[in-house]
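The values are calculated or read from the model by the stated rules, or taken from the named source; none is laboratory data. In this text, all values refer to a predicted model and were calculated from it rather than measured experimentally. Virtual Cβ from ideal backbone geometry, glycine too; neighbours counted across all protein chains shown.
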Amino acid sequence: MNEIDIKFLEDSFKKYYFNHFDLITSPPRTSEREFGYQKFNSGMFRHISLKENKELHLLFMQNIPSDVYCSNAYYAFPNFPMSEKDWKEADLIFDIDAKDLNLPCRKNHTMSICNECNEVSKDTSQCVKCNSTKLEKKSLPCKNCIGASKIEVNKLSNVLINDLGIDKENIHVYFSGNEGFHVYVYHSQFQEIGSKERSELVDYIMFRGAIPETFGMKKFKPNRSLFPDFNQKGWNGRFSKYVFGSKSKRSKIISELLDSGYPSFQKTLDDVSKNIGVKIDPNVTMDVHRIFRLPGSINSKSGLSKVLCTDLTKFDPYVDACFLSDDPVEVLANCPIEFKLKNKKFGPYTNEKISVPTYAAVYMICKKLATIA
Amino acid sequence: MLVLGQDEKAKYPFLADAGEYLKDKGFSLVQFGSDPVLKLSVEKALHRIKVASAGEVYKSDIDKDGQASKDYVLEREVFSFLLAIVLIKLTGMSTLIKRFALAEARRAEIYLEKDLGNASNKSKIDLATRIIYDLFNIEIIKENDFFVIPVSDYLKHSVTFHEREWKLINRHVENGKVFLTPDKTVRLIRKELGNYISSKIINAPKPSMIPGLENAVNELILISKKLTPTYTITTGEYPPCIKHAIDVLEKGENLPHSGRFMLATFLLSKGQTVPQIAPLFKNAPDYNPRVTLYQLNHLAGTSGSATKYSCPSCEKLKTQDLCFITKECNDIINPMQFGKKRT
């Protein structure tokens, strides 16, 4: 990214942090967390410990970071090297990202930016100009992407509450600032479990590794009375609703499953996993040393903020997470896809010099689809 | 502190205090080397270890309820356990400890399972749940025909199992609890029970040789030496997960961070150096030579915290969608084991 663009982004971010510091919630037990940040065109600074909100404010104002992170883990010495931090526990965290949902709409709003010649083209595997395969994909997620991500958040909450016994008020949902949602679980029985155990929890939530016997299909002498029923709790009940559809079809479908046999049932389970398993990013939940985007901070992939969603159904990230100013800016835009921010439509632009509000200019520059004119 | 009756000591001899037990019965260790009647317990102890080292579970002379027709049968059960520990200590062979502890844990499981499943005798259920709570700090609550434990406790114990049936998805989970049958409940703690028994053996003082036990000890040393496994290399090929990762990189496609971690740690553990590995990442869409070298050196332990990172287990790779299992994988649990045959 060029110096002028960086200067513009830093000015816009600084203004936001100055005016909206109330949106940045210093997490509970701040002094036990590890903080980290990145600046534009530079690496990660981490292993930072902060005592209180004031210090956090200072970090923003002094460094004007592009991104700020905070650990979900609690340490005795958060500023020490990883092996000496003395890990105590970690909140459970989940990342749901539209890019992992394999949505059919994705190809309509994904662009490829060539790393060699910077050519922007609609989703391809090879640069249309120089044939290079080193392409960076950028997506401008649509309403459908956000809607599908919300469905995954609701599926996740359902498993967390009903199966894993988490209190609803201990589940906090945030818009990630780009293409999805971050879910935090506080004060649960899982605070002290390690990475391996969290990985097992991930498989449970994603419905991975199920064996036919668990859902009533025995290898030898299968018996129809063992198949799950609609009113059962947990995955058995969800399995019934998905596979049988309705109570009237249950008996017929069980007969079909028995006829198809054991190996075919394993395929049914794989299909169930793809369709009703919750699509979370396994690496995030498994990692007990992660620093995760700080609530209230701006995501430099978009210029949108990571904000708490109190009413997920009504939440519109392109309105509710867009806090940058309306001041007009001249940019040279090369954005082949239309997008909408603060209820206003922008684009498509083909190498055009245009004047747009700061928030739209930041959005395109962050996506590498525009530069300051 | 649990107060145990004679039959309970026979079922769970590892809970008894060895020294005190012998003293209570009026014997000393030396007598077992010479007294022809007591020597029967030594033979039984020897048999107990031999069965364990063959990977089997020793069949007691007591029934599943821990009862026996004669009191001395119960007594001999406890003696033979205590003497087995003495014999193992005298051999000084640590390979015997693990096998013996595991076999004894499996033996105790039979009784624990019976006690937990004993619907008519609440005191037996209470004793079994108390043992589990006292030794392993797991609170088990009986709910109808099931034993219920918190999901987090279940995970802490089940993650070491490789069989798929132990995955949480294959259990009945409700409201933060896992529902288990008596047999699964005790199976869950087998490893910890084994560890508990091994730590008892490891921490027991090593006695000096007792005259009359030399032959038994020598016989055990011979058995123990045969137990140490050796591996032969059957193939020099990379496992499918590693091949897949290399393919992805060669095509210039994106390999996720976890995949790069797997590939680098695997090759480092195979003895390749950072300069040998670095060029593999050249085709990655976001290749940056400085970052690549920094990360490889970090993994190799030559920079940063000096921790050498090891290759993730197959289980972890499955969760990360990096496993491409073939039948050549042969039930290995880590890619590093690929192509090695235990002989």
Answer yes or no as to whether B:Glu163 is surrounded by fewer than 20 Cβ atoms within 10 Å (Cβ to Cβ), in contact with a strand residue (DSSP E or B) (Cβ under 8 Å, 6 or more places away or on another chain), at pLDDT below 90 and of a type in the set (Asp, Glu).
no
Out of (1) within 30 Å of A:Phe230 (Cβ to Cβ); (2) within 14 Å of chain B (Cβ to nearest Cβ); (3) not β-branched (Val, Ile, Thr), the odd one out for A:His289 is which?
(1)
If you go through segment A:198-211 one residue at a time, do you hit one that is without any contact (Cβ under 8 Å) to a residue 12 or more places away in the chain, more than 8 Å from chain B (Cβ to nearest Cβ) and not polar (S, T, N, Q)?
no
Could you list, in sequence order, all residues of segment B:274-297 that are out of contact with any helix residue (DSSP H, G or I) (no Cβ under 8 Å at 6 or more places or on another chain) and either modelled with pLDDT of 90 or more or farther than 27 Å from A:Lys137 by Cβ (or both)?
B:Pro275
Any idea how many residues of segment A:63-78 are in a loop (DSSP other than H, G, I, E, B) and under 17 Å from A:Leu294 (Cα atoms)?
5
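Here are some residues: A:Lys150, A:Lys129, A:Lys155, A:Lys138. Which one is in a loop (DSSP other than H, G, I, E, B) and charged (D, E, K, R)?
Working: A:Lys150 fails: in a loop (DSSP other than H, G, I, E, B); A:Lys155 fails: in a loop (DSSP other than H, G, I, E, B); A:Lys138 fails: in a loop (DSSP other than H, G, I, E, B).
After ruling out the rest, the residue left standing is A:Lys129.
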Which of (1) charged (D, E, K, R); (2) more than 12 Å from every other protein chain (Cβ to nearest Cβ); (3) surrounded by fewer than 16 Cβ atoms within 10 Å (Cβ to Cβ) does A:Lys150 not meet, given it meets every other one?
(3)
A:Lys221, sole failed condition from (1) of a type in the set (Lys, Arg); (2) buried (at least 16 other Cβ atoms within 10 Å of the Cβ); (3) more than 9 Å from every other protein chain (Cβ to nearest Cβ)
(2)
Criterion first (more than 24 Å from B:Glu163 (Cβ to Cβ) and within 11 Å of chain A (Cβ to nearest Cβ)) does B:Ala284 satisfy it?
yes
Does segment B:160-182 hold any residues that are free of Cβ contacts under 8 Å to residues at least 12 places away in the same chain, under 20 Å from the mean Cα position of the chain (by Cα) and outside any helix (DSSP H, G or I), and which are they?
B:Phe161, B:Glu163, B:Lys167
B:Lys142: part of a strand (DSSP E or B), away from chain A (no Cβ under 13 Å) and more than 16 Å from A:Thr214 (Cα to Cα), yes or no?
yes
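Please go through segment A:3-28 and pick out each residue that is in a helix (DSSP H, G or I) and of a type outside the set (A, V, I, L, M, F, W, C). Give the steps one after another, and end with the answer.
Initial filter on segment A:3-28 (in a helix (DSSP H, G or I)): A:3-19, A:21-23.
Selection gives A:Glu3, A:Asp5, A:Lys7, A:Glu10, A:Asp11, A:Ser12, A:Lys14, A:Lys15, A:Tyr16, A:Tyr17, A:Asn19, A:Asp22.
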What is the residue count in segment B:291-326 for residues that are within 16 Å of B:His257 (Cα to Cα), within 11 Å of another protein chain (Cβ to nearest Cβ) and more than 31 Å from the chain's Cα centre (by Cα)?
3
Out of segment A:54-83, which residues are among the small types (Gly, Ala, Ser), more than 14 Å from chain B (Cβ to nearest Cβ) and surrounded by fewer than 22 Cβ atoms within 10 Å (Cβ to Cβ)?
A:Ala76
For A:Asn158, the lone unmet condition from (1) in contact (Cβ under 8 Å) with a residue 40 or more places away in the chain; (2) within 14 Å of chain B (Cβ to nearest Cβ) is (1)
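If we keep just the residues of segment B:10-25 that are among the basic types (Lys, Arg) and modelled with pLDDT under 85, which is farthest from B:Met209 (Cα to Cα)?
Residues of segment B:10-25 that are among the basic types (Lys, Arg), as a first pass: B:11, B:23, B:25.
Within this subset, residues satisfying the condition of being modelled with pLDDT under 85 are B:23, B:25.
Numbers: B:Lys23: 19, B:Lys25: 22 Å.
In this case the residue turns out to be B:Lys25.
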If you check B:Ser28, B:Ser60, which single one turns out to be among the hydroxyl-bearing types (Ser, Thr, Tyr), modelled with pLDDT under 85, in the same structural domain as B:Gly92 (by TED's automatic domain parsing) and over 30 Å from the mean Cα position of the chain (by Cα)?
B:Ser28
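Would you be able to tell me the number of residues in segment B:21-46 that are in a helix (DSSP H, G or I) and surrounded by fewer than 14 Cβ atoms within 10 Å (Cβ to Cβ)?
So the first thing to find is which residues in segment B:21-46 are in a helix (DSSP H, G or I), and the list is B:21-25, B:31-34, B:39-46.
Pick out the ones that are also surrounded by fewer than 14 Cβ atoms within 10 Å (Cβ to Cβ) and you get B:23-25, B:34, B:43.
Here the count works out to 5.
For the subset of segment A:166-195 comprising residues that are out of contact with any helix residue (DSSP H, G or I) (no Cβ under 7 Å at 6 or more places or on another chain) and crowded, with 18+ Cβ neighbours inside 10 Å, which member is farthest from the other protein chains (Cβ to nearest Cβ)? It would help to see each step written out before you state the result.
Filtering segment A:166-195 down to residues out of contact with any helix residue (DSSP H, G or I) (no Cβ under 7 Å at 6 or more places or on another chain) leaves A:167, A:169-170, A:172, A:174, A:176-178, A:182, A:184, A:191-192, A:194.
Going one step further and asking which of them are crowded, with 18+ Cβ neighbours inside 10 Å, we end up with A:174, A:176-178, A:182, A:184.
Working: A:Tyr174: 22, A:Ser176: 18, A:Gly177: 20, A:Asn178: 17, A:His182: 18, A:Tyr184: 17 Å.
Across segment A:166-195, the extreme among qualifying residues is A:Tyr174.
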